[in-house]
Amino acid sequence: MTVNGEVVTRDVEARLLLVHFLRDELGLTGTHWGCDTSNCGTCVVLYDDEPVKSCTVLAVMAGGHDVRTVESLEWEGQLDPVQQGFMECHGLQCGFCTSGMLMSARALLDRDPDPSEATIREAISGQICRCTGYASIVRSVRWAAEHPAGGVG
Amino acid sequence: MTTTTPMGHGRMLRKEDRRFVRGRGRYVDDLQLPGMLHLAVLRSPVAHARIVSIDTLAAEAHPKVKAVVTGAMLAERGLAWMPTLSGDRQAVLATDKVRFQGQEVAFVVAEDRYSARDALELIDVEYDLLEPVVDVRRALDPDAALIRDDVPGKTDNHCFDWETGDAAAAEAVFARAEVVVRQELVFPRVHPAPMETCGAVADYDRIEEKLTLWSTTQAPHAHRTLLSMFAGIPEHRIRVVSPDIGGGFGNKVPVYPGYVHAIVGSIMTGRPVKWTEDRTENLVASGFARDYVMQGEIAATREGRILAVRSHVLADHGAFNGTAAPRKFPGGFFGVFTGSYDIEAAYCSMTAVHTNKAPGGVAYACSFRIAEAVYLVERLVDMLAAELDRDPVSLRMQNFIRPDQFPYTSRTGWVYDSGDYPRAMELALQIAGYDELRAEQAERRARGAGEPLMGIGVSFFTEAVGAGPRKDMDMLGLGMADGCELRVHPTGSAVVRISVQTQGQGHETTFAQLIAEELGLHPDDVDVVHGDTDSTPYGLGTYGSRSTPVSGAAAVLAARRVRDKAQLIAAGMLEVAPDDLEWSTAQGGGRFDVRGVPGSGVTIQEVAMRAHGAGDLPDGVEGGLDAQISYNPDNLTYPFGAYICVVDIDPGTAVVTVRRFIAVDDCGTRINEMIVEGQIHGGLTDGIGMALMEFIGFDEHGNCLGGSLMDYLIPTALEVPDWETGTTVTPAPDHPIGAKGVGESATVGSPPAVVNAVIDALAPYGVRHADMPLTPSRVWEAMQGRAAPPF
Amino acid sequence: MQVPAPVEYARAISVEHAIGLLGRLGEEARLIAGGHSLLPMMKLRLANPEYLVDINDLHAELGYIEVGPTEVRLGAMTRHRELLESDPLAAVCPIFRDAERVIADPPVRNRGTLGGALCQADPSEDLSSVCTALDASCVIQGADGVRVVPMDDFHRGPYETAVGHAEILTEVRIPIRPGGSSAYAKVDRRAGDWAVVAAGAALWLDEHATIADARVGLAAVGPHTTHLPEVSRALRGREPSEAAWELAGGIAASACRPVTDSRGSADYKRHLAGELTRRTLRTAWERARERGGASWR
């Protein structure tokens, strides 16, 4: 599969979950996990450009597909606007759900560069944040929408 | 009192976010050590049973398994039981019986996490089933099964009794009161469920005889002391590291058997061992919260003067009393159940019992049971308002402790430090547009059928946080003080080492701001070190909203001690008397100038270089620029707030929608407005969760019905509104910058606001009360005039 | 995190290949599509297949939404998100968009498939009620060829369907009759939760604007999706009216068999069965009237 733009090839057990492949095999520990039942969304990555829960995909199933994780957002030393937005608007506290939220936010803005509050809430509704109460996450995504080139002048 | 200056306090982006947004946080499960093994725990499938036999042969034969450990093996080493934070004991692995579903029975250490999990399937345990004790109300029945037969002489499931207030005085008031309202209020069992589950990596170095334990703990120093006392490893041979923590909310205060398993596993194998809970383990076996059945009574005059509040609490502490609360406060700080009101008498008695449920109690951002206390009094006040046909706001206003009464000693002996309750309530009313909301409600009710049922709920809370004064408060004999070490380097940057640990509260930012404000440095020039017992001073950790009130005070006082020393050095540099100098930060940095001559003096950086540099220092002044503090607070701090919740209920489906939520918080001086707001937003979401959906239930066999995030529901972005917040600032008189804690305020204050709103909406149906969680089914049952369904 | 037991894995490159693999690997082989029903069960070790046959590569072959004049054909590998976002589908069967909005959550909808949802046969599953209301048929392919099973015969019980071993559900066919529309409503305790109760309704008007036919499918009120033929019988030939919806709601409430559980009391669910039947029929009628108004004049 391709992970963050690089082709990776590994021999793994068929049962290995994608999230463990990313974390344990590739050392990409930015993707976290928080439940067993596909409910928390902590493990969201982009799978062929769409948000997917990587705890509910086998690594072997991802063979031939494109996976992007939070580690890919920063590009040539420049933070993605969603990363900047989360910093500017206090879109995170403990940081645990943040990677998944950032990936969903990125995918949303790629499809809809000017999403409404309701659209943003819907887009992150499969991901639980226990810290922020979501309003600041919504504002963070709006910030990114309003600063498509980032905030560094 | 300055609340916002360019130097330190005020909105500032968080330093820690730089790593989190890049996915570069370092959580316990991220840790990979060479040769690391993985641990999985076999848990009891039943709530109460005698263990007949455990067969581990097949598991031991698994090619990737390195060790299989049972309770019997631990018992040989005296490690089968460990102390809990409340002085009870808890099985590390069950030896005789299992006492709750999910209890630890055996563990496996294997080459990888999948193999460890596979090997659990190969362990065969034979159980002899016993009658479970599930219903808290029947735990003390003479025929109830005895849960704690491990305790010599124990004949029933009684855990403890506790009382506060004056029973006779309260009885006298109730006997003559014109109006008395009584209600049983159940605050059900809920769970903090941080997004990161609990876990640990233990690495025992046999050569150095030193244990390093990376763990998801909110209290690394307290854990180290406990582990040393229990496991017999000298305390200086244990290093507890709490790296980035994915949320705590109280769930990560206790010492869990899994931590001990990892330690034992590492000692046995000589290799690092990682244990990470899965979500079911977290929900069924780790520290729950609440689980109080409260008989509440409130007495008043017909004119609405509240005279007394009384309650009896039946507390479910589960199979082992795993409560984390100061020793003299087995019921936590429930004693503040008199709320924000000036009343004549109060009394509470509490009976705590054991049941065949997970151990714990006091977790989930409750400020040591204040969530329960606030819920009790705020529901009772609302019910009194309904009884008297009074507006719930005006009734509260009539009975508030007045601003001129502070410091105010409550009828249960708590000394409220400062407050201006009417001001906070009025601000909340103004933000809400309270009169307009009531007018809209009246219009909708007049229009009748088909209209959403609109409800407006009010709550007002006072918390007691920042435990606490050593004379009153300790855990297992450890005083609840916190330390701080501050060093200013020669070039004027600084490092501050603190004894509390962030789980998302932003300590790396706010503590830098505190030091920066006091020393006239830029916060970027202050590094905050925390969460490692080898490199931070002793203290009891982050919970009970105590970081800012206790450790924050320690940091400020350390900085002031450094500044005092800097003043002596500056006086020497300028050849003037110290008293001739004045301190300012107005020029963009801290400096001492000769009084009345701006620009005449030296900067803090110049003083720092001098403190470390060549040349004489004034007589009696040592080199270096540092200070160490162990702060013992004189009193708790008492943050407060006024909350208003607006709900709409679909009359056909009974689905509750939270339309608006207005929160005015007064936590004294705010260090970082942005972070304070974030703490409040999160707590409000918790409150909506508890009020509407979060619930750990059990069936009659003691099976946990909330054992996954499919069953234990936590609000998503679609269940919560955009928060409307307001601020008043009443500084804390006993805190050096006037700050009070805020981490739990909203979790404590919001559940009654939501419930009061739902009950208000249901007033046309004659509903006076319904217990949480107010799921659509429960709301509908209440509309039919019936009690809630059994789950 | 909980992890699956060891399992062998094979990728199918065509329907025939998948059927062949299933036949060769035996009873312990399971198909995996989106995986959002099966993998959680495997993690909890409630499902322990020996072999997984991955049919995600069949998305090109089985991921389609074809809206014809008399029939809608949905490939079984069509993902929830595709069903949600399809405007042609929403134009003829608005019930799909109603339902897909409240099925699970966006990342799950990006993976989960129509076929996977139907074959899981969870009594609370939404698309089964949708397909029941729409009088859909399921195309099942095996080594011996293709058979078409009406929705009423598809579910054999909780978690049990008419799809045999070494067979694949390949397509769902929905008849399009004139004058019809549809709607879906679900009560859940929280977004993304399974239904407390959900109802799907489809309704067809004749040229006189009376009810030619109506169908209701209920989720979460019995051992599997509940089809209510009594409602169809009661409504045929009736004038659309509040009284008609009341009648249908009453039938739904008394015909279903809910049980009390942590999602709600049996009484409440029975009430919801009635309430949601009324609401969905009313919405379906309103939609049919709007569409009919255009096509008949």
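The values are calculated or read from the model by the stated rules, or taken from the named source; none is laboratory data. None of the values given here were measured: they were computed from a predicted structure. Here the Cβ positions follow ideal geometry from the backbone for every residue, glycine too, while neighbour counts run over all protein chains shown. Remember, those area values only see protein heavy atoms, side chains included, never the ligands or the DNA or RNA. Shrake-Rupley method; radii C 1.70, N 1.55, O 1.52, S 1.80 Å.
Quick notes
- Accessible area (Å², 1.4 Å probe, nearest 10) - A:Asp110: 90
- Reach of B:Lys154 by Cα under 17 Å, taken over lysines that are not fewer than 8 positions away in the same chain: B:Lys97
- Apportionment of accessible area to carbon and sulfur, segment B:740-791, percent (1.4 Å): 50
- Buried surface for the A/B pair, taken as the accessible area of each chain alone minus that of the pair with a 1.4 Å probe, is close to 4400 Å² in total.
- Bridge orientation summary for chain B: considering DSSP beta bridges with both residues in this region, about 80 percent are antiparallel.
- Coordinate range along principal axes, alpha carbons of chain B, Å, largest first: 82, 74, 50
- Paramagnetic label zone (point 7 Å from Cα along Cα-to-C-beta, B:Glu121; backbone N under 16 Å) in segment C:1-30: C:2-9, C:28-30
- Of B:Lys274/C:Lys43; B:Lys66/C:Lys43; B:Lys64/C:Lys43; B:Lys252/B:Lys357; B:Lys210/B:Lys357; B:Lys66/B:Lys210, those spanning more than 25 Å from alpha-carbon to alpha-carbon: B:Lys210/B:Lys357
- Straight-line cross-link reach from C:Lys186 at under 25 Å between alpha-carbon atoms covers these lysines, not counting any fewer than eight positions away in the same chain: A:Lys53, C:Lys269.
- Of the listed residues B:Thr409, B:Thr728, the order by accessible area with a 1.4 Å probe, largest first, is B:Thr409, B:Thr728.
- Dimensions of segment C:8-57 from C-alpha coordinates, computed as largest minus smallest value along each principal axis and given longest first, are 31, 21, 13 Å.
- D by Stokes-Einstein for chain C, Kirkwood Rh over Cα pairs, 10 °C, 1.306 mPa s: 82 µm²/s.
- Each Lys or Arg adds one and each Asp or Glu subtracts one; over the other residues with Cβ under 12 Å from the Cβ of A:Arg10, this totals -4.
- Here the dipole of the protein assembly as shown is about 980 debye; that uses its Cα centre as origin and unit charges on the Cβ of Lys and Arg (positive) and Asp and Glu (negative).
- Computed from backbone phi, the HN-Hα couplings of segment C:51-66 come to 10, 10, 10, 7, 10, 5, 5, 7, 4, 5, 8, 10, x, 8, 10, 10 Hz, rounded to whole numbers (Karplus: 6.51 cos²θ - 1.76 cosθ + 1.60, θ = phi - 60°; Gly and Pro given as x).
- Within the assembled protein chains, the solvent-accessible surface assigned to B:Leu453 is about 20 Å², based on a 1.4 Å probe.
- Paramagnetic reach from A:Val8 in segment A:31-59 [backbone N under 19 Å; point 7 Å along Cα→Cβ]: A:31-34, A:42-59
- Building the convex hull from the alpha-carbon atoms of chain A and averaging its projection over directions returns 8.7 nm².
- Inter-chain shielding of A:80-87 (mean C-beta neighbours from other protein chains, 10 Å cut-off): 3
- By a 1.4 Å probe calculation restricted to protein chains, B:Tyr375 has an accessible surface near 0 Å², given to the nearest 10.
- For segment C:183-200, putting each phi into the Karplus relation 6.51 cos²θ - 1.76 cosθ + 1.60 with θ = phi - 60° gives couplings of 7, 9, 9, 9, 10, 10, 7, 6, 3, x, 6, 5, 5, 5, 8, 9, 9, x Hz, in residue order, rounded to whole numbers and with x for Gly and Pro.
- Size-normalised alpha-carbon gyration radius of segment B:463-534, reference 2.2 N^0.38 Å: 1.27
- Given charges at Cβ of Lys, Arg, Asp, Glu: segment C:65-175 dipole, positive-most of C:Pro69, C:Gly115, C:Thr161: C:Gly115
- Segment C:1-67: trypsin sites (Lys or Arg not before Pro) in DSSP coil with no more than 15 other Cβ atoms inside 10 Å: C:Arg45
- With the simple model of a label 7 Å out from the Cα in the direction of the Cβ, B:Val415 to B:His612 spans 4.1 nm.
- Per residue of B:689-699, other chain Cβ atoms within 10 Å of the residue Cβ number 1 on average.
- Whole-percent pair-distance distribution, where bins are 20 Å wide, for the alpha carbons of the protein assembly as shown: 11, 39, 37, 12, 2, 0
- Normalised convex hull volume, segment A:2-72, alpha-carbon set, Å³ per residue: 77
- The charge dipole of chain B, taken about the Cα centre with unit charges on the Cβ atoms of Lys, Arg (+1) and Asp, Glu (-1), comes to about 360 debye, rounded to the nearest 20.
- Hits among lysines - C-alpha to C-alpha of B:Lys328 under 17 Å, sequence gap 8 or more where chains match: B:Lys471
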